[in-house]
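Data first, discussion second: the structure below is written as structure tokens.
The values are calculated or read from the model by the stated rules, or taken from the named source; none is laboratory data. Predicted model only: the values in this text are computed from it and were never measured. Cβ sites come from the backbone with ideal geometry, for glycine too, and all protein chains shown count toward neighbours.
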Amino acid sequence: MPAAIILIALAISTSTFAQTITTFDAPGAGTGPFQGTSALDIDPSGRTIGFFRDANSVRHGFSRSKNGTFTIFDAPGAGTAAGQGTRAYATNSSGSITGHFTDSSNVAHGYVRSKEGVITVFDAQGAGTGASQGTFPFNSPNLINPEGAITGYLR
């Protein structure tokens, strides 16, 4: 009898904790090597953010609502050649998104996108201005807090 109770309890707990896995590709995502969609953060409402590489290997930021609606965005000044473009790394409960973009000279710049879609570009004091240098708000679970403070590094 105790074994039957344990089995029933396990069966109930398994269905109670069952999870749904949703897979998706951002519209315009490439299908070649090193292309496609990278989902990097999710907020309490179920909105997912990240970036994708298109068929030309240019990066574009995206926000995907819980119901599957995509918003694609590029930071002002983002480069349009392979390896350049916009990366979205983190979101907060206020609806802001942050990350960095690489310009046409391959210099990185930080940005924050408000929930209304306004993008503000920033560079950390002392950040380099040459290729592979700049401001890098980078993938971290604490990248942007609810008040909008952003962490990262510079090179």
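Just give me the residues in segment 70-83 being crowded, with 17+ Cβ neighbours inside 10 Å and farther than 21 Å from Asp25 by Cβ, in sequence order. Scanning segment 70-83 gives Ala75, Gly79. Determine, yes or no, whether Ser94 is under 24 Å from Ala55 (Cα atoms), surrounded by fewer than 20 Cβ atoms within 10 Å (Cβ to Cβ) and either modelled with pLDDT of 90 or more or among the small types (Gly, Ala, Ser) (or both). No. Residues in segment 110-133 that are over 18 Å from Ser94 (Cα atoms) and out of contact with any His (no Cβ under 6 Å at 6 or more places or on another chain): Phe122, Ala124, Gln125, Gly126, Ala127, Gly128, Thr129, Gly130, Ala131, Ser132, Gln133.
Residues Thr129, Thr135: which one is of a type in the set (S, T, N, Q), closer than 17 Å to Asp103 by Cβ and either under 14 Å from the mean Cα position of the chain (by Cα) or modelled with pLDDT under 90 (or both)? Of the residues listed, the single one that is of a type in the set (S, T, N, Q), closer than 17 Å to Asp103 by Cβ and either under 14 Å from the mean Cα position of the chain (by Cα) or modelled with pLDDT under 90 (or both) is Thr135. Screening Arg113 against (1) in contact with a Phe, Trp or Tyr (Cβ under 8 Å, 6 or more places away or on another chain); (2) at pLDDT 90 or above; (3) more than 24 Å from Asp54 (Cα to Cα) leaves a single unmet condition, (3). The residue of segment 46-59 that is farthest from Ser104 (Cα to Cα), among those that are free of Cβ contacts under 8 Å to residues at least 40 places away in the same chain and not aliphatic (A, V, I, L, M), is Gly46.
Only one entry in Gly128, Gly117 is within 19 Å of Asp43 (Cβ to Cβ), in contact (Cβ under 8 Å) with a residue 24 or more places away in the chain and assigned to a loop (DSSP other than H, G, I, E, B), namely Gly117. The lone criterion from (1) part of a loop (DSSP other than H, G, I, E, B); (2) touching a Pro at 6+ places or on another chain (Cβ under 6 Å); (3) among the β-branched types (Val, Ile, Thr) left unmet by Thr98 is number (1).
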